[in-house]
Amino acid sequence: MSTTKVKDAYIENIVNEDDYFPVSFEELEAEAQKKMSVGEYGYVRSGAGGEETLRKNQESFKKFSILPRVLRNVSNVDTSINLFGRTYPHPFLLAPVGMLKLAHEEAELAVSKAAATYNVPFVQSTVSSYSIEDVAEVSGDSPKWFQLYWSNNKEVSFHMVKRAEEAGYEAIVLTVDTVMLGWREEDMKNRFSPLKLGFGKANYEQDSVFLASLENTDQDSIIQGILDNIFHPTLNWDDVAELKERTSLPIILKGILHPEDARLAILSGVDGLIVSNHGGRQLDGVVAAIDALPQVVEEVNGEIPVLFDSGIRRGSDIVKALRLGADAVLIGRPFVYGLAVAGQTGVEKVINNFIQDTKVSIALAGASSIQDLSTIKLVKS
Ligand SMILES: Cc1cc2nc3c(=O)[nH]c(=O)nc-3n(C[C@H](O)[C@H](O)[C@H](O)COP(=O)(O)O)c2cc1C
């Protein structure tokens, strides 16, 4: 049971004797910038095009204000959630972020171990710097999901899913908004492609079906093979149906913004959705994810879980997304910056701050659990 007494985490952070670690997102981003090369930092920070959607993702949270309740005895706050038959202690997961070696040598190993410390699900990207099996080995039986980028050679997709299933991953997240890479002006300016540098090759390098499809298996051929596979504009609902048949794990579609796509997803038999615009990194000019959430929630009407990401920076953002009907949220850039600043310890600090901030925010809104948040009003102001 994850009901815990609300302690004064704010005071704990102030009297903490440990080395100072940035608490605010803005300071964390600035510290990470000092640790990374121009190309690496630009890759993580930036959005596509003129970054209209990147900016909107955060700004749109401000349109919703919490109308809190008081005098409700919020000394015990239960932040736990249930998803796909499992209970998790906190209402957030770590979003799939590829090529984490660009932030720290320990990459996904450090992040999955940090997530395991708090029982927060870690969602591993297809294009990660360590493989499905490497991550499973260091993080034991802590909760892990696998994010799938569809491969042109779909047998590679099915094989990666099988590997994830065998390694004990609990769910498959199929990302549907990245059939090709967005128009990333910052990366073009910096002439930076982490995929070409080999930061995202681990899962392919260890995949027998992928390797068998190549004529040569030297490093250049592997990287070219990844580039050939990752551009997959043919992806469609028939592929989703076929994927559903090929695994017993829950399938969650990541990158849904339109309510009609949410309806089609339910009709295709998927188990969950993530309302997301990929942190503003795909099509610039699309709606802020938080503005798309209410209509998707209305369409889904509780039939399957609806998760949310893009723009979550602090606990009050989590309260707003949950109140708008998300069953859980995913955190992206903040943990990557934590990794860049201080490796595994940095990710642990970011996760712990989110845990405390979320608890305080739920309690100060006047709620004692995630379900209880439905009794709190959000007003547009
Ligand atoms: C550097 C970086 C790499 C990412 N790589 C992936 C990926 O491999 N697969 C994926 O589905 N999403 C990827 N995403 C998107 C995240 O899963 C998530 O949707 C996004 O970061 C949420 O927005 P936020 O960072 O503003 O919280 C990436 C995001 C960033 C910042």
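Only the coordinates and a few stated rules stand behind these numbers; no lab work does. This structure is a prediction, so every number in the text was calculated from the model and none was measured. Glycine gets a Cβ as well: all are built from the backbone with ideal geometry, and neighbour counts include every protein chain shown.
Here are some notes:
- Listed pairs K144/K201; K320/K349; K144/K349; K34/K380 exceeding 26 Å between Cα atoms: K34/K380
- Angle between the chain longest axis and helix 25-35 axis [Cα atoms, degrees, rounded to 10]: 40 degrees
- GluC sites (Glu not before Pro) lying in DSSP loop within region 108-153, provided at most 14 other Cβ fall within 10 Å: none
- Note on region 221-282: Rg/Rh from Cα positions, Kirkwood definition for Rh, rounded to two decimals, is 1.03.
- Helix-derived mean residue ellipticity, 222 nm - over the chain, DSSP H n ≥ 4, -39500 (n - 2.57), to 500: -13000 deg cm²/dmol
- Within straight-line cross-link reach of K62, aspartates and glutamates at Cα separation under 17 Å, skipping those fewer than 8 residues along the same chain: E26, E52, D291, D309, D317
- From the Kirkwood radius over Cα pairs of the chain, Stokes-Einstein at 25 °C and 0.890 mPa s returns a whole-number translational diffusion coefficient of 117 µm²/s.
- Residues whose amide H falls under 5 Å from that of F308, counting only those 5 or more places apart or on a different chain, are V275, A328, V329, L330, with hydrogens built in the peptide plane.
- Charge dipole (Cα centre; +1 on Lys/Arg Cβ, -1 on Asp/Glu Cβ; no other charges) of region 39-129 amounts to roughly 480 debye.
- Backbone HN-Hα couplings from phi across region 91-106 [Karplus 6.51/-1.76/1.60, Hz, Gly and Pro as x]: x, 9, 10, 8, 5, x, 10, x, 6, 5, 4, 6, 9, 6, 4, 7
- Cα-based Kirkwood hydrodynamic radius, region 74-210, one decimal, Å: 15.9 Å
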